[in-house]
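Report on one structure; see the data block that follows.
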Amino acid sequence: MPQPNRRKTYLINPRFQWRFIGFMATISLLAISLLFLSNILFFRNMEQEALSVGLTRDNPYFDFLQEQKSALASLYFGVSAVVFVLMMGLGIMYSHRIAGPLYNLNNKMKRIASGEDPSPVNFRRKDQFLELTESFNAMIAKLTNRS
């Protein structure tokens, strides 16, 4: 039997959630780009240092640098792919924890406005804005006591 108040749809508010995920993707890609840029600049600096001390391009040191540059680029690419996928998954999960409670609260207010008896609202333990349940439930209790 499924748990009550357990949502299966992860895109509850697609407009907000896609923007949030896009923001996460942008930040991830920016960080990944900076990592690759630092790699390029590091090896360019190493080549310039080698040339400044008098090494010629046919020196084995430059072959070594090229091998290291390729190995590090492959490693960075693999790690970057994993980090990007992880960030997208976290973006979906975290946006769900933001959009879900707001969606739940909005639906509850609409149902009360359409005549349903006021009842407390509950969010999941890991949702954001848990303090809204306390405020909303206190408001409902006060309104119910007035009647």
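If you filter the stretch 15-48 down to residues that are within 30 Å of LEU102 (Cα to Cα) and of a type in the set (Val, Ile, Thr), you find that the one that is surrounded by the fewest Cβ atoms within 10 Å (Cβ to Cβ) is THR26. Among the residues of the stretch 107-115, some residue qualifies, meaning at least one is modelled with pLDDT of 90 or more and within 26 Å of the chain's Cα centre (by Cα).
When the criteria are applied in full, ASN137 fails the requirement of being under 18 Å from ILE12 (Cα atoms) and part of a helix (DSSP H, G or I).
So if I check each of PHE36, PHE20, PHE84, PHE77, which one is without any contact (Cβ under 8 Å) to a residue 40 or more places away in the chain and part of a helix (DSSP H, G or I)?
Details: PHE36 fails: without any contact (Cβ under 8 Å) to a residue 40 or more places away in the chain; PHE20 fails: without any contact (Cβ under 8 Å) to a residue 40 or more places away in the chain; PHE84 fails: without any contact (Cβ under 8 Å) to a residue 40 or more places away in the chain.
None of the other options fit; the residue is PHE77.
Applying the set (1) without any contact (Cβ under 8 Å) to a residue 24 or more places away in the chain; (2) part of a helix (DSSP H, G or I); (3) more than 16 Å from LEU34 (Cα to Cα) to HIS96 leaves exactly one unmet item: (1). Does LEU51 qualify as being more than 28 Å from GLN17 (Cα to Cα), surrounded by fewer than 14 Cβ atoms within 10 Å (Cβ to Cβ), more than 20 Å from the chain's Cα centre (by Cα) and aliphatic (A, V, I, L, M)? When the stated conditions are applied, LEU51 passes them.
For the stretch 108-125, the criterion of being surrounded by 15 or more Cβ atoms within 10 Å (Cβ to Cβ) and not in a loop (DSSP other than H, G, I, E, B) is satisfied by at least one residue. Selection of the stretch 68-84 for residues being under 16 Å from ILE40 (Cβ atoms) and either small (Gly, Ala, Ser) or exposed (fewer than 10 other Cβ atoms within 10 Å of the Cβ) (or both) yields SER70, ALA71, ALA73, SER74, SER80.
The values are calculated or read from the model by the stated rules, or taken from the named source; none is laboratory data. Predicted model only: the values in this text are computed from it and were never measured. Reconstructed Cβ throughout: ideal geometry from the backbone, glycine too, with neighbour counts over all protein chains shown.
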